Amino acid sequence: MKVSVRVPATTANIGPGFDTLGMALPLYNTVTIEETVLPGTGIEINVFSDSDSIDQLSLDHVPTDENSIVYKAVELLYNSIGQSPSELKITIKSNIPVARGLGSSSSVIVGALIAANELLGRPADEVALLTIASEIEGHPDNITPAIVGGLVISSQEDDGSVIYRKLNWPADWKITVCVPDFELSTGIARSVLPKEVPMRDAIFNAQRMAMFVEAVNSKDAELMKLALHDKLHQPYRMKLVPGLDSIMNELKHFDNVLGVVLSGAGSSILVISEKNDLDKIHNVVKETWANQNIKCNIKTLSVENEGAQIISNED
Ligand code: HSE
């Protein structure tokens, strides 16, 4: 049996929603799991890309041994039904930039879990898949939209269960994804965060998060401009993303720009804007990064409302 699952990229945090907000984007990885007949071969993992914007060096950094998150995902699912994975060939077609804050790790965890679940006759429901995937990733903000699509608020509770609700992203708010040519691992980006934050910063984010939800629900662009700020992670990560500060300062003078935020843990930046001036936005980001010798790939996207999909299932 051979199952392929297509999983969208995701952006997380989106300003005030550290470890809480996430949104699926129309860039995809495909994970294929095939049962092989050769006994003793164990789990074999291969990664490739057919996209020019994915560099081979990044793909070489993706672990394919027992330390791989894909391996862990499959093993945890099998273990949850009292089995161990046998001979499996796992192929990842990677079209989501790696270590750029666009959910590439969540996408392969989710793809591997859903494909393995299908091979096993679907023992895990959505609740179980969300729990296992968020356990491996450590937080649910990328995992949930990768599974359910759209813009999502999520939280992993003490018992491991994931609570989520979808919000409707206004169709005419554009998301410009600016991907620099350098990687930033989530581990490093989390290591610079403090263990505790000042109460006034926590209050600032709670206020922005409430504004975010109301701004999205009522399509209130002026409120969204106030909401897209953060004091819990971006100030600490600023030094890891050269140019972020300058890009924020340049773009805050554009009337149509609602905000500039770090995508997930970085290194990509999201510019959220109303429909016009996209070329000007692209130029500001390109020029600012070029001044720092950083090349980039910039795409304006809309939200992907579908989560992971099984795209083939062959006996
Ligand atoms: N919320 C996570 C972070 C997303 O910012 O560290 C990256 O996995």
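None of the figures in this text is laboratory data; all of them are computed from the coordinates on show. None of these values were measured; they are calculated from a predicted model. Reconstructed Cβ throughout: ideal geometry from the backbone, glycine too, with neighbour counts over all protein chains shown.
Over segment 174-301, what is the relative contact order in whole percent, taking alpha-carbon pairs under 8 Å and six or more residues apart?
Value for segment 174-301: 40 percent.
I need to check one value: relative contact order of the chain, counting alpha carbon pairs closer than 8 Å and at least 6 residues apart, in percent.
That works out to 27 percent.
In whole Hz, with x marking every Gly and Pro, tabulate ³J(HN,Hα) for segment 146-156 from phi via Karplus 6.51 cos²θ - 1.76 cosθ + 1.60, θ = phi - 60°.
5, 8, 10, x, x, 9, 9, 9, 9, 8, 9
Excluding residue 89 itself, what net charge comes from residues whose Cβ is under 9 Å from its Cβ, given Lys and Arg +1 and Asp and Glu -1?
-3
Name the helices (complete DSSP H segments) of the chain with a Cα length along the long axis of 20 Å or more and a Kyte-Doolittle mean of at least 0.5, or state none.
Passing helices, by number: 104-119.
Quick one: which residues, 5 or more positions from residue 167 or on another chain, have an amide H under 5 Å from its amide H? H modelled 1.01 Å from N in the peptide plane, none for Pro or chain starts.
151, 152, 153
With the convex hull built on the Cα atoms of segment 174-301, state its orientation-averaged projected area in nm².
Result: a mean projected hull area of 7.8 nm².
Which whole-Hz ³J(HN,Hα) couplings does segment 93-100 yield from phi under the Karplus relation 6.51 cos²θ - 1.76 cosθ + 1.60, θ = phi - 60°, glycine and proline marked x?
8, 9, 10, 9, x, 8, 6, 10
Please work out the C-alpha center-to-center distance from segment 82-135 to segment 152-225 and express it in whole Å.
A separation of 24 Å, based on Cα centres.
Considering only the chain, what is the antiparallel percent among its DSSP beta bridges, to the nearest 5?
Beta bridges within the chain, antiparallel portion: roughly 90 percent.
Roughly how many whole Å is it from the C-alpha centroid of segment 235-251 to that of segment 3-20?
Taking the Cα centre of segment 3-20 as reference, the centre of segment 235-251 is 21 Å away.
Between residue 217 and residue 283, what is the spin-label point distance in nm, taking each point 7 Å from the Cα along the Cα→C-beta axis?
4.0
For 315, 55, 141, which order do you get if you count the other beta carbons within 10 Å of each Cβ and list the fewest first?
Final ranking by Cβ density, sparse to dense: 315, 55, 141.
Quick one: if the Förster radius is 22 Å, what FRET efficiency do residue 57 and residue 35 give, using the C-beta to C-beta distance and rounding to 0.05?
My answer for the efficiency is 0.10.
Give the residue list of GluC sites (Glu not before Pro) in segment 132-191 that are DSSP loop and have at most 11 other beta-carbon atoms within 10 angstrom.
157
Viscosity 0.890 mPa s, temperature 25 °C: Stokes-Einstein D of the chain from its Kirkwood Cα radius, in µm² per second?
My calculation gives 123 µm²/s for D.
Just want to confirm a number: the relative contact order over segment 88-165, from Cα pairs under 8 angstrom separated by 6+ residues, in percent.
24
Grab the DSSP H runs of the chain that are 4 residues or longer, score each as -39,500 (n - 2.57), total them, divide by all residues and round the 222 nm result to the nearest 500 deg cm²/dmol.
When only DSSP H runs of four or more count, the value is -10000 deg cm²/dmol.
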